[in-house]
Structure formats: C-alpha cells, structure tokens
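Single-structure report; data block below.
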Amino acid sequence: MQNLTRLSIAEAGPLLRSGKVKVVDLVRACLDEEASSRDLVAFCDVYGDKALTLAEAHQSLLDNGYDLGPLHGMPIAVKANVDVKGEVMSAGSKVLSGNVAAADAEVTRRLKQAGAIIIGSTNMHEFAWGGTTGNPHYGPCRNPWDKNRIPAGSSGGSGAAVAAGSAFAALGTDTGGSVRLPASMNGITGLRPGVGRISTKGVYPLAWSMDTVGPMARSSADCALIFKTLSGSSEGSSKLRKTLRGLKIGLIENYSFDRLQIGVEKCFRDAVRLYESLGAIIEVVRLDGLEVAVDAQVIVDAAEPSAVHDTQIRKHARDYGEDVRTLLHAGMAFTAIEFIQAQRYRTYLREQIDRHLRDVDIILTPTLPFTAPLIGQDTIMIGDSEESTLTGNMRFTCIPSLAALPALSFPIGFDGDRLPVGAQIMGRENSEFDLLAIASVFQSATDFHKEHPAIQRS
C-alpha cells in the first residue's frame, strides 16, 4: 500500500469504499505524520484520541451502508481561529488561552455533517494579523520544503499540515491573502471564495469586510469537494471541463510580470505558455491605480482589526505578541478619511475588474513575487531592488481581496532552490467552480501538485 498521507481525497475515497483502507488507517497515518514532523509546529492542538474514536464510528457507518459523501472519513484540520465545539479556540493567541468553544463554527458543523474528521487546530499568525505564522505563543511554524523558511501566513499551519501530509486538507481564512499565500509557499492549492459564499459564523474575525474561509488541499479537485460542502452549493459537476480551448486569460499590463524573482518569473512564463498550448487565448488588461493597491489593503487590513480588538487590547495588551500589538496600535492611527478613501478605491478597482471580466474569463498573476523567505527575514532582493516581505506578500493577492472577488492559488513549479511557486487566478463573482475547473485542467497536464517535500525528521 502506498503512503496513505500522499493520497488526495479523491484518491482515498474509492479505497475506503472498496474496503482496501479503513478510516482509522487514514487518521492514524496523519497522526503519525504529525508526530514525526512536530518541529514544523503546524498545529496548535491535535485531537488524536478523539479523532481515532470518531474514525471507528465513521467506519461502522460505512460498513452498515451509511455513506455521508466524498468527505466521509477524511482527516481535515481547521485553523485555530475556527470554533470546534469542546475544544480551545485560541486564534493563536495567549489572550484567548482557555477559551473553549461552546458550539461549532458553521464550517465545522458542515464538515462534521459531511463525515469529515477534525484532526486538530492549525498554527496561525496571532489573530490572523500577519503573513509569516511566526507565532510567539506556540512557536514559529516552519515550511516543510525547507524548515529554515516560513510557510507564509496567516494560515501557515494549514498550508504546512497539508503539504507535510498530516491532514488531507485544512481550512484557512483569507483576508488579504492568507489562504493563497501559504498555498503558494507550501506547494498546494488554496481557494479564497467570494465574500459571503462560505459562512464566517464562529470564526474569529480579522477585517469584517474582507474576511473569508477557504479550503486548502493537494488538488483543485479536493478543494472543489470541500467548497461544495461548505458553501452548500448545488453547482459543481456542471462546471467540469476537459479543455481550455477558447478560454480568455487576462494578464495585467505592466504588473503580472513586474518585479519577480527569476525562478518565479520562469515558472509563470512557462505556465502562461502551457495555458496557450491547452487552447487558452492570452489578452492584456489594464488596471489603473495599482500602485496604491497595497496601501489601500494595509489601511483596511489595519483599521478593521484594530476595531475588533479595541476593548480587548486595552485590557490585555501585554498578552499580545509584540508584532501584532504594534500593528493593532498602528491601525488605530488611521483617520476616518483615510479609511473611507481606501473603501472608495476598492469600489474603483472592482468596477475596473468587472469591466475587464466581461471580455476575459479570468485574470492571471503569480501569487507572490518571491518564494518562501527565511524565518525572520524582513526584506528580500528582487533583481537589484530590496522589497519588504510584508508588502511584497500582498502585491498580487490584495487585488481580489480589495475587490471582494474569488481567487485561487495553485502550484506551477519550483525555483532553483526547489521551493514551490504558485499562480493566482481571479474571476467574476460566484465563479469559484470555474476557477477550480480551470486549475484542474492545468493540474491534469502537470504534476507539480503531486510533488511532496522530503521532510527532515526530528
């Protein structure tokens, strides 16, 4: 039997239903993987004994003819800001230590109802306010492709867990890019749905107007299974496609290829050429004002969290990590005028994108201009220019976040250090299944999403 932790959900399902594999085998394999790579610090909490008990119960259901669907028996992790009834929901912070969830978040409830087994809560950047998952309370999460590097954030633990094989999939939250960034740096697929497409009830907020919950998994097909479950959508099968012939892909003029690391640029150009070979039509679109997009993102992404934490930080300031405490205090300094202007810019950007998406089907960019930085690295060289890793993180992911549109990151190759590179596709409102299908065709033609890190065991 092949390594069970290398299976996708779509591959594991038939093995379960044929009896070749038991649910407990899948859960135990993931728990063993987590134990042997614990120095990744991918989890805040592992529900080991409970998960194994549930595995026996879910196997009994299958044995007696009760099949809850494609997620039945699948070990799935959730980010530490998502409520799981009876478990600590810390949002990665000392501030909420001992905070036991009285009920499941809506996304947790739907996963359980579909037969998924919640295997644990994943490490995150404290309160989701940051891009490294350098958590001071649980320890910095490490990238399984290179333990000296970050897994990105704020859903870095989810990305690392899926890449390492300690969960078949995981939930992350994405405000400015926190599903897509770790998907890219960990070599997996991650979907940011449109705002409101998946319930955020029972998920600790970061910035209300941009917060989303999204699946992170080994393939687009697995993400589609989870998205369908979480959104309650009846779509899915009607969106399947085997060809990209006639698909119109928009590349942003003076932006999609701008200021990229050499390895990222090579992978991205190769991906564009592959799309063309699969029948897609490449067109150039122009988005004005992108030079201030990150600024607008930072204002909204700072002011709204500061409003969330206004009362709490006054009482428990010393319990916050230094970086998050600093960011929250900085967010309080923005004026109402600056916040309103940022919101006006969001409307301006959305109108431009909507106009272009009448003529092209998707807009394609790299997910990030660079691969995973070293832990503690604040700046990164791109050519002859030094760039902040914090703002560079958001250069591409901020566009769909500000516009409140769905976007997907998926693997397109590796740089010279064998670090994963991801591409981002964004589409029209309610186009999540289209994006997943477009990425699925790409993944049918490539094996990047099937690559696994050679983890040095502790």
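So which of Glu322, Glu291, Glu387 is closer than 25 Å to Pro182 by Cα, modelled with pLDDT under 95 and surrounded by fewer than 19 Cβ atoms within 10 Å (Cβ to Cβ)?
Of the residues listed, the single one that is closer than 25 Å to Pro182 by Cα, modelled with pLDDT under 95 and surrounded by fewer than 19 Cβ atoms within 10 Å (Cβ to Cβ) is Glu387.
Looking only at residues in segment 330-356 that are part of a helix (DSSP H, G or I) and small (Gly, Ala, Ser), which one is surrounded by the most Cβ atoms within 10 Å (Cβ to Cβ)?
Step by step, filter segment 330-356, then rank; the result is Gly331.
Taking segment 8-33, which residues are among the hydroxyl-bearing types (Ser, Thr, Tyr) and either in contact with a strand residue (DSSP E or B) (Cβ under 7 Å, 6 or more places away or on another chain) or assigned to a helix (DSSP H, G or I) (or both)?
Ser18, the sole residue that qualifies.
Working only within segment 174-192, note down all residues that are in a loop (DSSP other than H, G, I, E, B) and either hydroxyl-bearing (Ser, Thr, Tyr) or surrounded by fewer than 24 Cβ atoms within 10 Å (Cβ to Cβ) (or both).
Across segment 174-192, the qualifying residues are Thr175, Ser178.
From the list Leu7, Leu26, Leu16, which one is over 24 Å from the mean Cα position of the chain (by Cα) and touching a residue at least 24 places away in the same chain (Cβ under 8 Å)?
Leu16
Go over the candidates Gly422, Gly376 one by one and state the one that is over 17 Å from the mean Cα position of the chain (by Cα) and of a type in the set (Gly, Ala, Ser).
None of the others qualify; the one that does is Gly376.
Name the residues in segment 208-224 that are within 16 Å of the chain's Cα centre (by Cα) and either within 28 Å of Ser90 (Cβ to Cβ) or charged (D, E, K, R) (or both), would you?
Met210, Asp211, Thr212, Val213, Gly214, Pro215, Met216, Ala217, Arg218, Asp222, Cys223
In segment 381-394, is there at least one residue being under 18 Å from the mean Cα position of the chain (by Cα), in a helix (DSSP H, G or I), free of Cβ contacts under 8 Å to residues at least 40 places away in the same chain and closer than 23 Å to Asp288 by Cβ?
yes
For a quick check of your reading of the model, give me the residue pairs whose first member lies in segment 246-264 and is surrounded by fewer than 18 Cβ atoms within 10 Å (Cβ to Cβ), whose second is of a type in the set (Asp, Glu) and assigned to a helix (DSSP H, G or I), with beta-carbon atoms closer than 9 Å and at least 6 apart or on different chains.
Phe257/Glu265
Return the residues of segment 34-50 that are surrounded by fewer than 20 Cβ atoms within 10 Å (Cβ to Cβ) and either part of a helix (DSSP H, G or I) or without any contact (Cβ under 8 Å) to a residue 40 or more places away in the chain (or both); say none if nothing qualifies.
Ala35, Ser36, Arg38, Asp39, Gly48, Asp49, Lys50
Looking only at segment 401-442, which residues are in contact with a Ser or Thr (Cβ under 7 Å, 6 or more places away or on another chain) and hydroxyl-bearing (Ser, Thr, Tyr)?
Ser401, Ser409, Ser440 - these are the residues of segment 401-442 that are in contact with a Ser or Thr (Cβ under 7 Å, 6 or more places away or on another chain) and hydroxyl-bearing (Ser, Thr, Tyr).
Out of curiosity, is Ala80 touching a residue at least 24 places away in the same chain (Cβ under 8 Å), within 21 Å of Cys223 (Cβ to Cβ) and under 24 Å from the mean Cα position of the chain (by Cα)?
The answer is yes for Ala80.
Criterion first (in a helix (DSSP H, G or I), of a type in the set (A, V, I, L, M), under 21 Å from Val421 (Cβ atoms) and out of contact with any Cys (no Cβ under 7 Å at 6 or more places or on another chain)) does Leu274 satisfy it?
Spelling it out, Leu274 is indeed in a helix (DSSP H, G or I), of a type in the set (A, V, I, L, M), under 21 Å from Val421 (Cβ atoms) and out of contact with any Cys (no Cβ under 7 Å at 6 or more places or on another chain).
Return a yes/no flag: does segment 411-418 have any residue that is over 18 Å from the mean Cα position of the chain (by Cα), over 22 Å from Thr173 (Cα atoms), of a type outside the set (A, V, I, L, M) and assigned to a helix (DSSP H, G or I).
No: segment 411-418 contains no residue that is over 18 Å from the mean Cα position of the chain (by Cα), over 22 Å from Thr173 (Cα atoms), of a type outside the set (A, V, I, L, M) and assigned to a helix (DSSP H, G or I).
Taking the residues in segment 238-263 that are in contact with a helix residue (DSSP H, G or I) (Cβ under 9 Å, 6 or more places away or on another chain) and small (Gly, Ala, Ser) as candidates, determine which candidate is modelled with the lowest pLDDT.
Filtering first and then ranking leaves Ser238.
Could you tell me how many of the residues in segment 150-173 are under 15 Å from Val82 (Cβ atoms), part of a loop (DSSP other than H, G, I, E, B) and among the aliphatic types (A, V, I, L, M)?
Residues that pass the stated criteria total 1.
The values are calculated or read from the model by the stated rules, or taken from the named source; none is laboratory data. Just so it is clear, the model here is predicted, and its values are computed rather than measured. Positions of Cβ are backbone-derived with ideal geometry, glycine not excepted, and every protein chain shown enters the neighbour counts.
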